[in-house]
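Some notes on the structure that comes next.
The values are calculated or read from the model by the stated rules, or taken from the named source; none is laboratory data. It should be emphasised that the depicted structure is a prediction, and the values quoted were computed from it without experimental measurement. Cβ: placed from backbone, ideal geometry, glycine included. Neighbour counts: every protein chain shown.
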Amino acid sequence: MRSINSAAEPRRDHLERGATVVEFLGVMVLIVAGLLVVIQMSVWIWARNITMNAADEGARTAAEIGRPLVDGEARTRLVLHDGLGGAAGSFQIAVGQDGDTVVVRASGVAPRIVPFLPAFGVSSEARAFDEDEVLRP
């Protein structure tokens, strides 16, 4: 004799046969989304570090004896372009004098690797003593 439970067993196996594939796909979607977020955040940190370095290089260049502020802006733009490539064209650079210090500000948007994530802004400011002002007799 067959029991009621033994008759229901094959039917349950038949209904759950594709559950493993669906669970695997669900987990894979979450893993891939997480990896894309980590990659985008890494690009943002990389762009932030390049922007900080570019502003620092620009401030030091503009602060050298006999160098105009325009040289600092050119140096900042060059370092940004070397690090970020074409994405550096959208960055704004401001170079100014604040008493006896040179101030360089660079800001823009980090390159987007993942299109569905929001754009991450990047900005940096660097200051250096202007040697023309500090060493003036």
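Out of the range 91-137, which residues are under 15 Å from residue 43 (Cβ atoms) and without any contact (Cβ under 8 Å) to a residue 40 or more places away in the chain?
Passing the criteria: 109, 115, 116, 118, 119, 121.
May I ask you to list pairs of residues, at least six apart or on different chains, whose Cβ atoms are under 8 Å apart, with the first in the range 65-79 being farther than 20 Å from residue 107 by Cβ and touching a residue at least 60 places away in the same chain (Cβ under 8 Å) and the second being among the hydrophobic types (A, V, I, L, M, F, W, C) and surrounded by fewer than 17 Cβ atoms within 10 Å (Cβ to Cβ)?
Correct list of pairs: 65/135.
Output yes when any residue across the range 92-111 is in contact with a strand residue (DSSP E or B) (Cβ under 6 Å, 6 or more places away or on another chain), surrounded by fewer than 12 Cβ atoms within 10 Å (Cβ to Cβ) and not aliphatic (A, V, I, L, M), and no when none is.
For the range 92-111, residues in contact with a strand residue (DSSP E or B) (Cβ under 6 Å, 6 or more places away or on another chain), surrounded by fewer than 12 Cβ atoms within 10 Å (Cβ to Cβ) and not aliphatic (A, V, I, L, M): present.
Being farther than 16 Å from residue 123 by Cα, of a type in the set (Asp, Glu) and assigned to a helix (DSSP H, G or I) is the filter; apply it to the range 38-96 and report the residue that is farthest from the chain's Cα centre (by Cα).
Across the range 38-96, the extreme among qualifying residues is 71.
Of the numbered conditions (1) more than 30 Å from residue 32 (Cα to Cα); (2) without any contact (Cβ under 8 Å) to a residue 40 or more places away in the chain, residue 86 fails exactly one; give the number of that condition.
Going through the list (1) more than 30 Å from residue 32 (Cα to Cα); (2) without any contact (Cβ under 8 Å) to a residue 40 or more places away in the chain, residue 86 breaks only (1).
Please go through the range 124-137 and give me each residue that is in a strand (DSSP E or B) and either at pLDDT 95 or above or of a type in the set (A, V, I, L, M) (or both), ordered by number.
Passing the criteria: 124, 125, 126, 127, 128.
Taking the conditions exactly as written (modelled with pLDDT of 95 or more, in contact with a Leu (Cβ under 6 Å, 6 or more places away or on another chain) and not hydroxyl-bearing (Ser, Thr, Tyr)), does residue 54 satisfy them or not?
yes
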